[in-house]
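**Student:** Sending over a structure as C-alpha cells; questions will come in a sec.
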Amino acid sequence: MPEARLTALMSRLWGADVAIDGIDRFHGGAARETYRFRASAGGRSEWLVMRRDPSASLIDTSREVEFHAIGRAHAAGLPVPRPVHLDASGVDLGSPGFVMTEIAGGRACNPFEPGAYGANAAITGVALFTALGQLHALEPDAADRATLPFMDAAGRLAHWKAEIDRHRLRPEPAADAAWRWLVANIPAPSGPPTLVHGDFRSGNFLVDADNRLLAILDWEMAHLGDPMEDLAWVTDPLWGHQMPGVVAGTCTREAAIAAWEAASGRQFDARSRGWWQLFSTYQGLAIWITSAFEVAMQKTADPTMIFASLYPYRAHNLQAVELLKELRA
Amino acid sequence: MSLSNSEALGCFAMAQGVMVLPALGDSYAGKSAATLAGLMLMLADGEDIRQTRRIALRAELEGLLGQTAAADEGWQAGTDRLMAALGAELARAEAADPACAAQLLDWLLRWTGNERLTIPAPPPADTDAAAA
C-alpha cells in the first residue's frame, strides 16, 4: 500500500501534516493501478484517486498525456475529475502516475452485463454521446499539440500493427487479414483533427445511483486524430452489454449519432464507418494480444489481464472475420 | 476418468466461490478471486463440444491446405503450424485467387466462431434474502 508515499506527497502539496486513510485499490482498470484514499489536515478533508503504472499493462501509455487530457477536458467543462498532481518520473508515487479528485457516488458498469443502465439507459446514452461531441468540438490548442501525439488513421493503424507484431505469441491470421484490408483502404479524414479520447467505452465512465452520467475516465490513450475512432470504439458490439441494437448498453445508434452531431457540430462520416469498425476490432485484438503476452511471460497474474486474453480476444477475432467478409463482398 | 477437464474447472470455480470468496469479501483480492472463478466457469462451459469441433475443423483445414500435422507434434504446435500456413495462403489468395480466399475466410469464420466464449450468467438472486 502506498500510504507513506501519499502522506509525504499530500503534506507537501497542502503545506500541512496530512493524514491518509481509507486506502482501497480499485478492481479492474488493467492499464493502471488505481487507489482511492482520503487526505485530511486540520479542517480540510478530501477523497482523492491515485493512478500509477503497474509492473505490466494492457497498453504502454504516458502519464503526461493522460494528465493533460483530463486537465483539458476539465477546463472545458466536461464531466471529468479535477487533476491534482502529476508525477511523471515516479519519484512521489513509486512509479509514474498522478492524483485527481474522486467522483463521489460514481460507479462504473460492467460492459458485459445486460441492462446495466436500467430505465435511464437512453438518457445516459444521450448524455454520453453529447459529452463525446463536446470533446470533439474542442479545437486543439498549442498545449494539446505539444503534449498529445497526432495519429491519423494510417498512424493509428501503424501503432497497433507494431503492438501486434511485438507481442504475438502464435499466428494471427484474422488480425493479419484485417490489417491487409485496412492498410489498402485507408479513408480520408472525416474532418479537421480533434482531441480523441482513445478508449471511450462503457466501463470507462461513471454513473450515479440513477445511472446518470457523472464522469468520463481513463484518458491514457488520448491523442489528436479522427473522431470517428472514438465513435467506432464506443459502438463496438464488445462494449454493448450483450444487447444487440443498443450502443454501449444505452441507446440506439441513431440517437447516439444525433446527440454527437448536435454537440460536436460535425457530421458522422458514413463512408468510413466500415473502415473504423474493422479498425476498432483490430485495435482490440492488439490490446488483447498484448495482454496475453504479458500473462504468458508471467509479468502479471492480474485476472483482468487473463480475462482480456480470452473473452474479448476471441470475440474480436470472430468479429474481424465477420467484418472482413462484409467489407470484401 | 472420474472428472473431465471441464467438469474439474467447474468444480474449482464452485470451490472458489464457496471456500475462498467469503473469506476475502468485497476487497480487491475478493473481486479478483471472483473474476478467477468466473474465468474457470467460462472456460468450462461448452469446452467438450468446442474440442470435438476443433478436431473436425482442423481436419478440414488440412484438406484445404493439403498438409497435415505431424504425428509427433503436440496439438497446439500442430495447430499453430497450420494457422501460419493458413495465414500465408490467405494472403496469397487475396491477391491471386479470390475464390480460394473466400473459402479460407469461410473456414476461419467457423474456427473463430467455435472459439467464441460465453460469459457465465450471474448466479440467480437469493429469493429468500430478496423477500426478507
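**Student:** Considering region A:310-323 alone, what residues qualify as being surrounded by 23 or more Cβ atoms within 10 Å (Cβ to Cβ) and more than 7 Å from every other protein chain (Cβ to nearest Cβ)?
**Tutor:** A:HIS316, A:GLN319, A:ALA320
**Student:** Quick one: in region A:213-268, of everything that is of a type in the set (D, E, K, R) and within 18 Å of the chain's Cα centre (by Cα), which residue is nearest to A:ARG314 (Cα to Cα)?
**Tutor:** Residue satisfying both the conditions and the ranking: A:ASP236.
**Student:** Going by the structure shown, is A:PHE307 more than 14 Å from chain B (Cβ to nearest Cβ), aromatic (Phe, Trp, Tyr), closer than 27 Å to A:ARG25 by Cα and assigned to a helix (DSSP H, G or I)?
**Tutor:** no
**Student:** For region A:159-172, what are the residues that are within 13 Å of chain B (Cβ to nearest Cβ) and either in contact with a Ser or Thr (Cβ under 7 Å, 6 or more places away or on another chain) or surrounded by 15 or more Cβ atoms within 10 Å (Cβ to Cβ) (or both)?
**Tutor:** A:ILE164, A:ARG168, A:PRO171, A:GLU172
**Student:** Any idea which of (1) in contact with a strand residue (DSSP E or B) (Cβ under 6 Å, 6 or more places away or on another chain); (2) within 14 Å of chain B (Cβ to nearest Cβ) is the one A:VAL80 doesn't satisfy?
**Tutor:** Status for A:VAL80: all satisfied but (2).
**Student:** Continuing with this model, one more query. Quick check, is A:ARG38 of a type outside the set (Val, Ile, Thr), at pLDDT below 95 and touching a Gly at 6+ places or on another chain (Cβ under 6 Å)?
**Tutor:** Details: of a type outside the set (Val, Ile, Thr): yes; at pLDDT below 95: no; touching a Gly at 6+ places or on another chain (Cβ under 6 Å): yes.
When the stated conditions are applied, A:ARG38 does not pass them.
**Student:** Please determine, by comparing only the residues of region A:173-189 that are touching a residue at least 40 places away in the same chain (Cβ under 8 Å) and surrounded by fewer than 22 Cβ atoms within 10 Å (Cβ to Cβ), which one is nearest to A:TYR313 (Cα to Cα).
**Tutor:** A:TRP181
**Student:** Something else about it: Give just the number: which of (1) within 13 Å of chain A (Cβ to nearest Cβ); (2) without any contact (Cβ under 8 Å) to a residue 40 or more places away in the chain; (3) over 17 Å from A:VAL321 (Cβ atoms); (4) surrounded by fewer than 18 Cβ atoms within 10 Å (Cβ to Cβ) does B:GLY46 not satisfy?
**Tutor:** (2)
**Student:** Taking the criterion of being part of a loop (DSSP other than H, G, I, E, B), within 14 Å of another protein chain (Cβ to nearest Cβ) and surrounded by 15 or more Cβ atoms within 10 Å (Cβ to Cβ), would at least one residue in region A:116-137 satisfy it? Let's see the steps before the verdict.
**Tutor:** To start, the set of residues in region A:116-137 that are part of a loop (DSSP other than H, G, I, E, B) comprises A:116-117.
Okay, now just the ones that are also within 14 Å of another protein chain (Cβ to nearest Cβ), so A:116.
Narrowing the set further to residues that are surrounded by 15 or more Cβ atoms within 10 Å (Cβ to Cβ) leaves A:116.
Yes, the conditions are met somewhere in region A:116-137.
**Student:** Of all residues in region B:22-33, which are part of a helix (DSSP H, G or I), more than 22 Å from the chain's Cα centre (by Cα) and within 13 Å of chain A (Cβ to nearest Cβ)?
**Tutor:** Hits for region B:22-33 are B:LEU24, B:TYR28, B:ALA29, B:GLY30, B:LYS31.
**Student:** Then there is this: Could you check A:GLN283 against (1) in contact with a Phe, Trp or Tyr (Cβ under 7 Å, 6 or more places away or on another chain); (2) within 11 Å of chain B (Cβ to nearest Cβ) and say which number it fails?
**Tutor:** Every listed condition holds for A:GLN283 apart from (2).
The values are calculated or read from the model by the stated rules, or taken from the named source; none is laboratory data. These figures come from a predicted structure and were not determined experimentally. Every residue, glycine as well, gets a Cβ built from its backbone with ideal geometry; the counts of neighbours run over all protein chains shown.
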